[in-house]
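The values are calculated or read from the model by the stated rules, or taken from the named source; none is laboratory data. Remember, it's a predicted structure, so these values are computed and weren't measured experimentally. Every residue, glycine as well, gets a Cβ built from its backbone with ideal geometry; the counts of neighbours run over all protein chains shown. Heavy atoms of the whole protein, side chains included, go into the accessibility calculation; ligands, DNA and RNA do not. Shrake-Rupley method; radii C 1.70, N 1.55, O 1.52, S 1.80 Å.
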Amino acid sequence: DAGITQSPRHKVTETGTPVTLRCHQTENHRYMYWYRQDPGHGLRLIHYSYGVKDTDKGEVSDGYSVSRSKTEDFLLTLESATSSQTSVYFCAISEPQGAYEQYFGPGTRLTVT
Amino acid sequence: AQSVTQPDIHITVSEGASLELRCNYSYGATPYLFWYVQSPGQGLQLLLKYFSGDTLVQGIKGFEAEFKRSQSSFNLRKPSVHWSDAAEYFCAVGLSGNAGNMLTFGGGTRLMVKP
């Protein structure tokens, strides 16, 4: 998985609790992304980062925040988890040249009860 | 609005048969095009990409795809399917020059292979 790890890989949490997911890369890629995957929807972009401390919203950003204090780490936080945020979350990385291909981590399965 | 459509949610083929997975996009310019494969419980793996040049591109695992500008399509093909090809396949599209290299994904096609 191209030097990308995600932690935790599985998490069960209760509605209303805060949750932070971590993405760590060893490729020194500039761009990082958080997606969620739900049946029938493919992958939908939550937030992305185009550099340290530089982030922007994606298609489904409501209820999520992100931070990137180092090139290698990109954190996704659910401030107060809801059942609609039960999903599989993927991190991806990319470089700002070439054909824009993204490389994906193994995913985190989050269940909000 | 930009969109990517994979018309077939599920496809079943017999092992050894040929395969074609469809992908259509709606963009104002020639995009960058990708196919990814996802095995159960795994992340997405890049199969192949098109960004310029020859419209027939070769990828890993014996897959190929053809970009047809007139049809706004980028269909994935394989001449002889193996049982290990059973997975979900995603088409993705990006626009050159877009800040952040963002991609838009289709909804996916789940491939089942009969013995």
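Counting only C-alpha contacts under 8 Å and six or more residues apart, can you give the relative contact order of chain A as a whole percent? Write down the numbers at each step before the final one.
Details: 297 pairs, mean separation 40.5, N = 113.
That works out to 36 percent.
Which lysines, if any, have their Cα less than 20 Å from the Cα of B:Lys114, not counting same-chain residues under 8 positions apart?
Leaving aside lysines fewer than 8 places away in the same chain, those within reach of B:Lys114 are B:Lys61, B:Lys78.
For segment A:1-42 and segment A:75-113, write down the distance between their C-alpha centroids in whole Å.
Each part's Cα centre sits 4 Å from the other's.
Straight-line reach from A:Lys57: which lysines fall under 22 Å, measuring Cα to Cα and dropping same-chain residues less than 8 apart?
In chain and number order, the partners are A:Lys70.
Using θ = phi - 60° and the Karplus form 6.51 cos²θ - 1.76 cosθ + 1.60, what ³J(HN,Hα) does each residue of segment B:2-9 get, whole Hz, x for Gly and Pro?
6, 8, 10, 10, 10, x, 9, 6
Tell me, which residues of segment A:72-103 get at least 30 Å² less accessible area when the other protein chains come in, versus the chain alone (1.4 Å probe)?
Those residues are A:Phe90, A:Ala99, A:Tyr100, A:Glu101, A:Gln102.
Relative contact order for chain B using alpha-carbon pairs under 8 Å, separation at least 6, rounded to a whole percent? Before the final figure, lay out the partial values.
On the way: 279 pairs, mean separation 42.2, N = 115.
Reported relative contact order: 37 percent.
Report the B-A buried area as the accessible area lost on both sides summed, probe 1.4 Å, in Å² to the nearest 100.
Working: alone 6300 and 6000 Å², together 10500 Å².
Summing both chains' loss of accessible area gives about 1800 Å².
For chain B, with only Lys/Arg (+1) and Asp/Glu (-1) charged at the beta-carbon, what is the dipole magnitude about the Cα centre, in debye rounded to 20?
80
With a 1.4 Å probe and all protein chains left in place, how much of the accessible area of chain B comes from carbon and sulfur atoms, in whole percent?
Values: 2690 of 5380 Å².
Carbon and sulfur: 50 percent of the exposed surface of chain B.
For segment A:1-68, which trypsin sites (Lys or Arg not before Pro) are in a loop by DSSP, counting at most 16 other Cβ atoms within 10 Å?
Values: sites: A:Arg9, A:Lys11, A:Arg22, A:Arg30, A:Arg36, A:Arg44, A:Lys53, A:Lys57, A:Arg68; in loops: A:Arg9, A:Arg30, A:Lys53.
Of the trypsin sites (Lys or Arg not before Pro), the ones in loops of segment A:1-68 whose Cβ has at most 16 other Cβ atoms within 10 Å are A:Arg9, A:Lys53.
Taking 7 Å along the Cα-to-C-beta vector as the label spot, tell me the B:Ser18-A:Thr13 distance in nanometres, rounded to one decimal.
Taking the two extended label points, one gets 4.9 nm.
Output ³J(HN,Hα) for segment A:70-82: one whole-Hz value per residue in order, computed from phi by the Karplus curve 6.51 cos²θ - 1.76 cosθ + 1.60 with θ = phi - 60°, and x for Gly and Pro.
Using θ = phi - 60°, the values come out as 9, 3, 7, 10, 9, 9, 10, 10, 9, 5, 8, 4, 10 Hz.
Given a Förster distance of 35 Å, report the FRET efficiency between B:His10 and A:Ser67 from their Cβ-Cβ distance, rounded to the nearest 0.05. Don't jump to the answer; show the numbers that get you there.
On the way: r = 39 Å, r/R0 = 1.11.
So the FRET efficiency works out to roughly 0.35.
Per residue, how much accessible area does the protein assembly as shown have with a 1.4 Å probe, in Å²? Display every interim value, and only then the final one.
Details: 10500 Å² over 228 residues.
Dividing the accessible area of the protein assembly as shown by its residue count gives 46 Å².
Just to be sure I understand: of the beta bridges DSSP finds with both ends in chain B, what percent are antiparallel, rounded to 5? Don't skip to the end; give the middle numbers.
Details: 35 of 40 bridges.
Approximately 90 percent, going by the DSSP bridge assignments.
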